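The values are calculated or read from the model by the stated rules, or taken from the named source; none is laboratory data. Note that the coordinates shown come from a computational prediction; the quantities given were computed from them, not determined experimentally. Quick reminder, even Gly has a Cβ in these numbers, built from the backbone with ideal geometry, and neighbours come from all protein chains shown. Note: accessible area is taken over every heavy atom of the protein model, side chains too, but ligands, DNA and RNA are not part of it. Shrake-Rupley method; radii C 1.70, N 1.55, O 1.52, S 1.80 Å.
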Amino acid sequence: MTISSSLNAGVMGLNSNATRLSTISDNIANSSTYGYKRSQVEFASMVLEQKTAAYSAGGVRVSTFKDISATGSLISTGNATDMAVGGRGLLPVTDGSGINELSSERELMLTPTGSFYADSNGNLRTQSGLFLLGFPADGDGQVGNVSRNSGISLEPVNISASQYTASPTEQIDLGINLPVDATEFDAPGDVYPLPIEYFDNLGRAHTLTLEFSPVVPGSGYSNNWTVEIFDSAGNPATSIGDLNINFDDSTTNGGRIDTVSATNGATYSETTGQVTLNLPHGNVDVFIGRPGDSAGITQLSAPFSPTAVTKDGAPIGDLQSVEIDESGFLQAIYNTGFRRTLYQIPVGDVPNVNGLKALDSQAYSVSADSGNLYLWDAGTGPVGSVSGYSLMESTTDIASELTDLIETQRAYSSNAKIVQTVDEMLQETTNLKR
């Protein structure tokens, strides 16, 4: 009898609208939750096999899902480690149990945003217990070859080991001019010293001194200089490298290096224009210039001018803060002004973002419906860049939710009326007298 199907349809309508009410309640409750993705429902009709003489109500069924593909607005904060993905993609995180587990056994989760801070162990985590993951960088700030299809190359982001750091000097660039008049036959042959401070692998400061001595000829100009190099880290009275530099005085290349010979432990490469010195903490390359090149050391009719002497490296520095750039590189900033890249935070993406499994604390995990995970560099491919000092707002629109709430209330009442009407009709049927 079709009256029974009407009752079933009404009950299904009550259950479906109760489910919709649950999602609306959840959305409104999380309207101020950073990174919250709005829950939605979809109604689908159910059709029973019909007969020409009678109609049977099939009813309705409901399916729920998180609209994870929707992105909320980004708001600025005062915390450098507040992070959000500006567009498609999610940040890799794990829970507290995953910190001490092997990467192959760690539970990998994803979140669109997080207000991270360093805990007592130096791990970056949120108040809700999500720990940030990233690719560790080497001393040059490079992450090398990493797995992009799994979290096996990811590590918990920890900044405790970076509280103090020393950056040894590995490169010195010389941009100086030597006076051509010093190589004239009647010149006094004065020595021009050039002290350069550098730092070893323990952050200690030392001085590398280059002494430029002109070769004074019997007549004319020699255009020739000898250079002795002394290191305060060893025996400051003993040269660690000697150079002999000849300069060109031709019309086209006047004042530029012609030939260089290196002895006494130093080596010179015409290809790179660098002199390699073997110092106690390791090799240091000193750029003096290539033959015929205007960069590096020149010999012109001008005073001795060490105007462009630069070097890398820094002394021991105390960690002041950490910041993340739009490419996902987490950098430590020290009070010496030195910056060091610690990690690269990738942005995870799956083919079906809405197929991810929702977890607590605005976290999600890969499921069979989502497809396989791929960890992109931020700002490449389909994913957005990473924004520091930012959090993502909830995708809930209160006005829209309140409108849906009114519609759900009306629909629920209407379905309840169906149940009430069917009940009255069945009551009338049972009251029929034979």
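Couplings 3J(HN,Hα) of the range 217-223, computed from phi: x, x, 7, x, 10, 8, 6 Hz, in residue order, whole Hz [Karplus 6.51 cos²θ - 1.76 cosθ + 1.60, θ = phi - 60°; x for Gly and Pro].
Proximity of backbone amide H atoms, modeled 1.01 Å from N, is registered between Y343 and A137, L330 at under 5 Å, excluding neighbours fewer than 5 places apart on the same chain.
Under a Gaussian network description of the chain, with springs only between Cα atoms under 10 Å, the residue in L391, L210, L124 that fluctuates furthest is L210. Taken about its Cα centre, the chain carries a charge dipole of roughly 2780 debye when the Cβ of each Lys and Arg holds +1 and the Cβ of each Asp and Glu holds -1. Quote the FRET efficiency, to the nearest 0.05, computed for A205 versus N335 with a Förster distance R0 of 22 Å and r equal to the Cβ-Cβ distance. That gives a FRET efficiency of 0.90. In the context of the full set of protein chains, the chain has a per residue accessible area of 50 Å² (1.4 Å probe). Shown for the range 140-240: the carbon plus sulfur share of the solvent-accessible area, taken with all protein chains present and a 1.4 angstrom probe, equals 48%. Phi angles of the range 131-144 translate, via the Karplus equation with coefficients 6.51, -1.76, 1.60 and θ = phi - 60°, into HN-Hα couplings of 9, 6, 10, x, 8, x, 9, 7, x, 8, x, 9, 9, x Hz per residue; Gly and Pro are given as x. When Rg and the Kirkwood Rh are both derived from Cα coordinates, the Rg/Rh ratio for the chain amounts to 1.31. Cross-link partners for K357 among the lysines, with Cα-Cα distance under 30 Å and sequence neighbours closer than 8 places in the same chain left out: K37, K66.
Here is how the number arises for the chain: DSSP H runs of 4 or more residues each give -39500 (n - 2.57), the sum is divided by the residue count, and the result at 222 nm is -5000 deg cm²/dmol.
Of the residues A166, H206, S153, the one whose Cα sits farthest towards the positive end of the charge dipole of the range 121-207 is S153 (charges of +1 on Lys and Arg Cβ, -1 on Asp and Glu Cβ, taken about the Cα centre). Taken about its Cα centre, the range 1-98 carries a charge dipole of about 220 debye when Lys and Arg each add +1 at the Cβ and Asp and Glu each add -1 at the Cβ. A straight chain from T251 to I406 at 0.36 nm per residue would run longer than the Cα-Cα distance by 46.9 nm. In the range 22-133, the portion of solvent-accessible area held by carbon and sulfur atoms comes to 47 percent [1.4 Å probe, whole percent, DNA, RNA and ligands not counted].
The alpha carbons of the range 84-136 stretch over 31, 25, 22 Å along the principal axes, in descending order.
For the range 2-33 and the range 234-266, what is the separation of their C-alpha centers, rounded to whole Å? Going from one Cα centre to the other spans 86 Å. Compute for the range 49-147: radius of gyration divided by Kirkwood radius, i.e. Rg/Rh, restricted to C-alpha atoms, rounded to two decimals. Answer for the range 49-147: 1.28.
When the chain is treated as a Gaussian network with alpha carbon springs shorter than 10 Å, the biggest mean-square fluctuation among G265, G328, G151 belongs to G265.
Think of the range 280-385 as having a plus end and a minus end, set by charges on the Cβ of Lys, Arg, Asp and Glu; of Q299, Y374, V347, Q299 sits farthest toward the positive end of this dipole.
Within a straight-line Cα-Cα reach of under 12 Å, K417 cannot be paired with any aspartates and glutamates, leaving aside sequence neighbours fewer than 8 residues apart in one chain. Scalar couplings 3J(HN,Hα) for the range 186-202, obtained by applying the Karplus form with A = 6.51, B = -1.76, C = 1.60 to θ = phi - 60°, are 9, 6, x, x, 5, 8, 10, x, 9, x, 10, 6, 9, 10, 8, 6, 9 Hz; x denotes Gly and Pro.
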